[in-house]
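The values are calculated or read from the model by the stated rules, or taken from the named source; none is laboratory data. None of these values were measured; they are calculated from a predicted model. Positions of Cβ are backbone-derived with ideal geometry, glycine not excepted, and every protein chain shown enters the neighbour counts. Calculation scope for accessible area: heavy atoms of the full protein, side chains included, ligands and nucleic acids excluded. Shrake-Rupley method; radii C 1.70, N 1.55, O 1.52, S 1.80 Å.
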Amino acid sequence: MRLDKLIEKQLKTSRKQMKRLFLMGKVQVDGQVVYQENKNVDSRIHQIDINGQRLFTNDKYYLLNKPQGVVTANKDNLSTVFDCLHTEDYRQDLVAVGRLDRDTEGLLLLTSNGQLNYDLIQPKKKVDKVYEAIINAEVTTKDMTIFAQGIKFIGGATCQPAKLEILSATPYESHVRLTIREGKFHQVKKMFLATGKKVIYLKRVAMGPITLGDLSVGAYRELTQDELLLLKDYFR
Ligand code: URA
């Protein structure tokens with residue numbers, strides 16, 4: 001949560017009073033005076049002291065193994081990723097960090113921390129997204145080179161260099177792992193289409209330092225303390 005919002009909400013200050021606390025050096029995070037009003041904090045990984053008083057946040061961070069057939073949207077006629085949550089875990093302020101297509105499976109973070117969501121999906125933050133895919137043709141080392149150079153979409157857009165690994169390949173089907181740092185619409189599918197190949201199954205297995213592990217399809221859990229600490233660098 002942003003520090004300025006946290007102070008206003010919990011200490012019930014006016015905007016002016018909150019700003020004064022910053023100006024007077026009364027706002028400390030992890031023992032250091034901070035002046036950045038929009039600093040993103042979570043009391044599970046930051047010590048937040050305002051004028052000597054410790055403050056606590058209440059944001060939620062879930063790791064979902066998104067099943068196929070549900071849409072990444074807050075509202076839809078079809079089932080959404082939020083329908084995967086138990087009623088007691090649902091909050092209206094939860095958002096999905098990035099978007100997975102309806103037929104894509106795998107790692108999706110859901111959080112009430114809007115600032116973290118924004119910072120994780122910013123292309124300039126260069127957060128690695130790792131996908132495993134089944135392709136309807138033989139993926140070759142030539143494809144690895146083309147992906148490394150930056151795929152050009154049929155419409156003209158150029159992708160940043162991506163790391164393509166071949167896990168297995170036959171003339172009819174290949175299993176690959178692909179690491180990208182952007183999140184263009186249908187990006188992985190379009191990258192393979194640009195090489196004349198089709199993605200027939202797609203699963204996201206990692207985002208930044210967070211990995212899907214053995215969470216079963218459709219299941220979700222809260223991020224652990226260690227996982228939140230791994231995300232600390234992304235709290236601007
Ligand atoms: N790329 C795609 O083509 N689809 C997704 O769901 C995610 C990345």
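Some values worked out for this structure:
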read-out	value
Pairwise Cα inverse-distance average, inverted: Kirkwood Rh of the stretch 3-55 (Å)	10.7
Ellipticity estimate at 222 nm from DSSP helix runs (n ≥ 4, -39,500 (n - 2.57)) divided over the chain, nearest 500	-5500 deg cm²/dmol
Cα-centred dipole magnitude for the stretch 3-55, charges only on beta-carbon of K, R (+1) and D, E (-1), debye, nearest 20	260
Gaussian network model of the chain, springs between alpha carbon atoms under 10 Å - residue of Tyr62, Tyr118, Tyr220 with greatest fluctuation	Tyr118
Phi-based couplings in Hz for the stretch 188-204 (Karplus 6.51, -1.76, 1.60; Gly and Pro marked x)	5, 4, 5, 5, 6, 4, 5, 9, x, 10, 10, 7, 9, 7, 9, 9, 8
Whole-Hz couplings from phi, Karplus 6.51/-1.76/1.60, listed for the stretch 32-38; x for Gly and Pro	10, 5, 10, 10, 7, 5, 8
Contact order relative to length of the chain, as percent, for alpha carbon pairs under 8 angstrom and 6 or more apart	21
Gaussian network model of the chain, springs between alpha carbon atoms under 10 Å - residue of Thr211, Thr80, Thr170 with greatest fluctuation	Thr170
Fraction in percent of alpha-carbon pairs per bin - 5 Å, the stretch 128-207	3, 17, 32, 29, 16, 4, 0
With every protein chain in place, the chain: carbon and sulfur % of accessible area (1.4 Å)	50
Backbone HN-Hα couplings from phi across the stretch 123-138 [Karplus 6.51/-1.76/1.60, Hz, Gly and Pro as x]	x, 5, 6, 6, 7, 5, 10, 10, 10, 10, 9, 10, 10, 7, 7, 7
Surface per residue (accessible, 1.4 Å probe) for the stretch 128-207, Å²	51
Computed Rg/Rh of the chain, alpha carbon atoms with Kirkwood Rh	1.06
